[in-house]
């Protein structure tokens, strides 16, 4: 992998991690186009995920600081309840990630399947766009777990994590801003868990790609991820998910045609 390829993959990761268009699906398509075997570059994969986490922390630092301050209160408060809801939402994705992630990637990583899941993402976003939620300002315990189930389902390549969680939260009747913040905060521990699993695999140095491509990919993912996270929060607030539905539908159809022709 050269520096240009690393930058391009970093941009793809940074942008698509937050936009509801499936980062796994787009990385799969990018690998196909660039001829890069990203799964063999565990170190690079970990760096991209670290950049994504840092982007989320930078954008939502006020919310994270508020939760951190409330965490150490002696009396049970709204911040502690919110943190527990995030932990609850992690359970389905944690089970799938630990027990089935390798099998899912091995069986469902074809371009045709990615295209099909992008079409499913388009349907979810379209349904959320036309739904008329009650706009509850607080995520309930039940909704937190259901949103977590949506995140677990998004382990499938091509099914957008942010798209699935945001669409699910909106359909359940939650406020747009509350859903956007919860969706991006709940992914931090999941990504950190994925990083720890990659590190624990002992394959961090599987293929040496050089420090320059590593740094370039990290910076590209961090910068674009920060911009994409801010952009996506505003788009959710304005209720303009239909444009992402259209994009996913187009890319999904093109992917299916590419795979089947």
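Taken together, the values in this text are just the output of simple stated rules run on the coordinates, not laboratory data. Values in this document were obtained by computation on a predicted structure and should not be read as measured data. Cβ coordinates were reconstructed from backbone atoms using ideal geometry, including for glycine residues, and neighbour counts include every protein chain displayed.
Odds and ends about this structure:
- The modelled label-to-label distance between residue 192 and residue 145, using points 7 Å beyond Cα along the C-beta direction, is 2.4 nm.
- Where only C-alpha atoms are counted, convex hull volume of the stretch 222-261 per residue in Å³: 60
- Calculated log₁₀ intensity ratio I(q)/I(0) where the Debye formula runs over C-alpha points of the chain, q = 0.10, 0.11, 0.17 Å⁻¹: -0.47, -0.57, -1.39
- Dividing the summed -39500 (n - 2.57) terms of all DSSP H runs of n ≥ 4 by the residue count of the chain sets its mean residue ellipticity at 222 nm at -26000 deg cm²/dmol.
- Between residue 258 and residue 61, the distance separating the two model label sites (each 7 Å from Cα on the Cα→Cβ line) works out to 3.7 nm.
- Label point distance in nm, residue 127-residue 231, each placed 7 Å from Cα along Cα→Cβ: 2.7
- One way to sum up the overall shape of the stretch 8-92 is the equivalent ellipsoid from its Cα gyration tensor, whose semi-axes run 34, 13, 11 Å, largest first.
- For the chain, the relative contact order works out to 40 percent when only alpha carbon pairs closer than 8 Å and six or more residues apart are counted.
- Packing-based ranking of 169-180, 229-240 yields 169-180, 229-240, ordered from highest to lowest mean Cβ neighbour count within 10 Å.
- Annotation: extensible slack from residue 138 through residue 250 equals 36.9 nm (criterion: 0.36 nm per residue apart, minus Cα-Cα distance).
- By the count of neighbouring beta-carbon atoms within 10 Å, fewest first, 121, 226 end up ordered 226, 121.
- What the Cβ-Cβ distance of residue 103 and residue 212 gives, at R0 = 45 Å and to the nearest 0.05, is a FRET efficiency of 0.85.
- Cβ-derived FRET efficiency at R0 22 Å, residue 240 paired with residue 91, nearest 0.05: 0.10
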